[in-house]
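S.K.: Let me give you the structure first, and then I'll get to my questions.
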Amino acid sequence: MSGVTYGCQSAAIKYVAHLPTAQVIWGRFLIILTVSSILCISKGEPLFTKITARWEIIFRCVFGILSFLCSTYAIQRLPVGEVTVIISIAPIFTAIGSKLMLKDQFKPVHFVCIILCIVGVIMVVDPRS
């Protein structure tokens, strides 16, 4: 289901690529807000809850908005296939971040996999084009 919605979203963004990126993002936010609100109300869930981890939520929101902005901008200006490949390497950066910030243990095979993924992305995206 998420693949279908991602494809529809990418097609819609390409269709309105002539609009400013900020305007497209506001449209996406409004659609997401509407759909999320309808789903919460239909399931009897509250729309707002008590926030206990305020700074963590703010931190997550800032990076979520930056991610949203970058992906929308990329979809407007690059082929959708290339954007999908670039966005799908996010787990690689999560793994690298966990090694650097959380001191997770890495085996040599992890480093090999990360390098192979990055080389694969470079081969698919082909920066010379």
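The values are calculated or read from the model by the stated rules, or taken from the named source; none is laboratory data. Remember, predicted model here, so these are calculated numbers, not experimental data. Here the Cβ positions follow ideal geometry from the backbone for every residue, glycine too, while neighbour counts run over all protein chains shown. Surface accessibility is based on the protein's heavy atoms, side chains included, excluding ligands, DNA and RNA. Shrake-Rupley method; radii C 1.70, N 1.55, O 1.52, S 1.80 Å.
S.K.: List the residue ranges in the chain for DSSP H helices whose C-alpha atoms run 20 angstrom or more along the long axis and whose Kyte-Doolittle average is -0.5 or above.
M.R.: Within the chain the helices that satisfy the rule are 21-43, 54-77, 108-125.
S.K.: Also, quick follow-up: Please work out whether segment 61-100 counts as rounded, prolate or oblate from its C-alpha gyration tensor, where a ≥ b ≥ c are the square roots of the eigenvalues and a/c under 1.5 means rounded, while otherwise a/b larger than b/c means prolate and anything else oblate?
M.R.: Judged from the Cα gyration tensor, segment 61-100 comes out oblate (a/c at least 1.5, b/c at or above a/b).
S.K.: In segment 27-129, what percent of the accessible surface is made up of carbon and sulfur (1.4 Å probe, ligands and nucleic acids excluded)?
M.R.: Carbon and sulfur together cover 75 percent of it.
S.K.: Per-residue ellipticity at 222 nm for the chain, helices alone: DSSP H runs ≥ 4 residues times -39500 (n - 2.57), over residue total, nearest 500 deg cm²/dmol?
M.R.: -25500 deg cm²/dmol
S.K.: With mean projected area of the Cα convex hull in nm² as the read-out, I listed (i) 11.0; (ii) 9.2; (iii) 10.1; which label goes with the value calculated from this structure?
M.R.: Structure-derived value, by its label: (i).
S.K.: Further, regarding this structure: Between segment 13-76 and segment 87-105, what's the alpha-carbon centroid distance in Å?
M.R.: 24 Å
S.K.: Hey, can you rank 40-53, 111-124, 76-89 by average C-beta count inside 10 Å, highest first?
M.R.: Details: 40-53: 8.3, 111-124: 12.3, 76-89: 14.8.
Packing proxy ranking, top to bottom: 76-89, 111-124, 40-53.
S.K.: Would you mind checking which residues have amide H under 5 Å from PHE106's amide H? H placed 1.01 Å from N; only 5 or more apart, or other chain.
M.R.: Here nothing satisfies the definition.
S.K.: Rank ALA17, ILE115, GLY7 by how far each Cα sits towards the positive end of the charge dipole of the chain (+1 on Lys, Arg Cβ; -1 on Asp, Glu Cβ) and give me just the farthest.
M.R.: Value: ILE115.
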